[in-house]
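The values are calculated or read from the model by the stated rules, or taken from the named source; none is laboratory data. The structure presented is a predicted model; accordingly, all values stated were derived computationally and were not measured. We place every Cβ from the backbone using ideal geometry, glycine too, and count neighbours over all the protein chains shown. Accessible surface areas use protein heavy atoms only, side chains included; no ligands, DNA or RNA. Shrake-Rupley method; radii C 1.70, N 1.55, O 1.52, S 1.80 Å.
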Amino acid sequence: MRRFGQKLRKWTAEVLDLPQDVVFDLPRMTMIGDRQLYIENHRGVLHFSPEKLRLALPSGELEVLGQELVIRGIWTEEVFIEGIIVQVQING
């Protein structure tokens with residue numbers, strides 16, 4: 001049944017010309033150089049320090065490693081961070 005749901009979502013995205021991140025509940029990240037990162041579609045902050053940010057995702061976690069990290073804005077499903085971003089990793 002799960003495969004049918006995935007096929008239905010993919011078909012819906014194609015027919016309605018919707019972005020797949022919306023249909024499949026995927027995170028969307030916009031990075032500007034190595035200094036700013038905007039992440040949409042997260043499920044909450046699990047850990048934050050000036051060197052590490054861990055966010056819950058619908059399926060797994062997102063980890064951002066860096067230096068002097070600062071959360072500039074946080075909303076229900078969006079977060080905006082600044083600092084020296086060294087690594088971004090998704091753990092499923």
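Quick one: would you say PHE48 is aromatic (Phe, Trp, Tyr) and at pLDDT below 90? Step through it out loud before you land on a result.
Numbers: aromatic (Phe, Trp, Tyr): yes; at pLDDT below 90: no.
Here the answer is no, as PHE48 does not meet what is asked.
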Say we look at the stretch 6-45 and pick out the residues that are touching a Pro at 6+ places or on another chain (Cβ under 9 Å) and among the basic types (Lys, Arg); which of these is modelled with the lowest pLDDT? ARG28
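Out of the residues in the stretch 46-92 meeting the condition of being among the polar types (S, T, N, Q) and under 17 Å from ARG35 (Cα atoms), tell me which one is most open to solvent (accessible area, probe 1.4 Å).
From the stretch 46-92, those among the polar types (S, T, N, Q) are 49, 59, 67, 76, 87, 89, 91; that's our starting set.
Now narrow it down to the ones that are under 17 Å from ARG35 (Cα atoms): 49, 67, 87, 89.
Working: SER49: 26, GLN67: 98, GLN87: 77, GLN89: 68 Å².
Here the answer is GLN67.
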Out of the residues in the stretch 32-45 meeting the condition of being touching an Asp or Glu at 6+ places or on another chain (Cβ under 7 Å) and assigned to a loop (DSSP other than H, G, I, E, B), tell me which one is surrounded by the fewest Cβ atoms within 10 Å (Cβ to Cβ). ARG35
